[in-house]
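Below is one structure, written out as structure tokens; comments come after it.
The values are calculated or read from the model by the stated rules, or taken from the named source; none is laboratory data. None of the values given here were measured: they were computed from a predicted structure. Cβ placement follows ideal geometry from the backbone for every residue including glycine, while neighbour counts extend to all protein chains displayed.
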Amino acid sequence: MDRLKNKVAIVTGSTSGIGLGTAKLFGAEGASVIVCGRRREKGEEVANEIREAGGEATYLFLDLTKPESIEQLFKDTVEKYGKIDILINNASNVGLPDGRVDEVTLEMWDNIFQTDLRGTFFMIKTLLPYIQEHGGSIVNIGSMASCGGDLGATAYASAKAGVDMLTKSVALQYGKQGIRCNCVRPGLIVTPQNDAYVPQALKDIFLNNICVTRYGKPADIANLCVYLASDESEFVTGQIMTVDGGMNSHVATVGEFKKLGGRTW
């Protein structure tokens, strides 16, 4: 379990869900993990759990909407561990009000873009001076929402599509300096935190269209993040990887044809 040995990793939004699962797996794989987010008590709890399991972790406060908070995060990380090797841009706010184009106000649009795209951009921009000499790996957590149009989550889907293109731009512009950048787009990930809030009807729709036999779980994303953060993937950059149980691998009508017991042609 030493795939990330001697590496220092920042995992944003690591107090719950995908970020929590990723931070714990990184700790198990030998990385020194910066657990960060706005929930200080929960963050300290996660860092302590990683240490109790034999890993190394520190909680640092992060408010993704405040540039000065982002800058302080990197300064404190280098002061604590001397370097940064990995950045997992996981933090976002899916709970913000969203809707159709005619329903979304400029304030709603700006709030979502501030966390989901602006924050990711400034995290990367602030990181670059710290890793340009020795290289590093950046993994942006995108969303399946960027795969196509959405009936309601207009701003969220648009922001996550922006993360896709930001990923490719960073990979191209800084690859010769040993900096890799990839994006992981999760499908439906059911966690202990969201299980009770995901309607059964939504779960049924997803399961009917997923190629495998279950929903996603944080470990499905964390496992890919470990690979992308490790030296095993040193020839992998600029990639947008969708981890959704195969939901986007087929035409959209599959679910309805399955009900009819027929084929899609």
Flag for Glu44 being more than 20 Å from Cys225 (Cβ to Cβ), surrounded by 15 or more Cβ atoms within 10 Å (Cβ to Cβ) and over 18 Å from the mean Cα position of the chain (by Cα): yes
Residue match in region 144-152 (condition: part of a helix (DSSP H, G or I) and either within 14 Å of Met165 (Cβ to Cβ) or touching a Cys at 6+ places or on another chain (Cβ under 8 Å) (or both)): yes
Any hit, region 138-151, residues being within 16 Å of Pro97 (Cβ to Cβ), crowded, with 23+ Cβ neighbours inside 10 Å and either in contact with a Lys or Arg (Cβ under 9 Å, 6 or more places away or on another chain) or at pLDDT below 95 (or both): no
Pair list, Cβ < 6 Å and 6+ apart or interchain, from region 21-33 residues that are under 12 Å from Ala229 (Cβ atoms) to residues that are of a type in the set (Lys, Arg) and part of a helix (DSSP H, G or I): none
Residue count, region 211-236 (criterion: under 21 Å from Gln200 (Cβ atoms) and free of Cβ contacts under 8 Å to residues at least 24 places away in the same chain): 1
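Looking only at region 161-173, which residues are of a type outside the set (S, T, N, Q), closer than 19 Å to Arg118 by Cα and touching a residue at least 24 places away in the same chain (Cβ under 8 Å)?
Looking only at region 161-173, we keep the residues that are of a type outside the set (S, T, N, Q), and these are 161-166, 168, 170-172.
If we keep only those that are closer than 19 Å to Arg118 by Cα as well, we get 161-166, 168, 170-171.
Those that are of a type outside the set (S, T, N, Q), closer than 19 Å to Arg118 by Cα and touching a residue at least 24 places away in the same chain (Cβ under 8 Å): Gly162, Val163, Asp164, Leu166, Lys168, Val170, Ala171.
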Qualifying residues in region 65-94 (those that are among the hydroxyl-bearing types (Ser, Thr, Tyr) and under 18 Å from the mean Cα position of the chain (by Cα)) - the one modelled with the lowest pLDDT: Ser92
Failed condition for Phe61, given (1) surrounded by fewer than 19 Cβ atoms within 10 Å (Cβ to Cβ); (2) hydrophobic (A, V, I, L, M, F, W, C); (3) over 30 Å from Asp231 (Cα atoms): (3)
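Which of the residues that make up region 79-130 are β-branched (Val, Ile, Thr), without any contact (Cβ under 8 Å) to a residue 60 or more places away in the chain and either part of a helix (DSSP H, G or I) or surrounded by fewer than 17 Cβ atoms within 10 Å (Cβ to Cβ) (or both)? Step through it out loud before you land on a result.
As a first pass, look at region 79-130 and keep what is β-branched (Val, Ile, Thr): 84, 86, 88, 94, 101, 104-105, 112, 115, 120, 124, 126.
Now restrict to residues that are without any contact (Cβ under 8 Å) to a residue 60 or more places away in the chain: 101, 104-105, 112, 115, 120, 124, 126.
Answer for region 79-130, where residues must be β-branched (Val, Ile, Thr), without any contact (Cβ under 8 Å) to a residue 60 or more places away in the chain and either part of a helix (DSSP H, G or I) or surrounded by fewer than 17 Cβ atoms within 10 Å (Cβ to Cβ) (or both): Val101, Thr105, Ile112, Thr115, Thr120, Ile124, Thr126.
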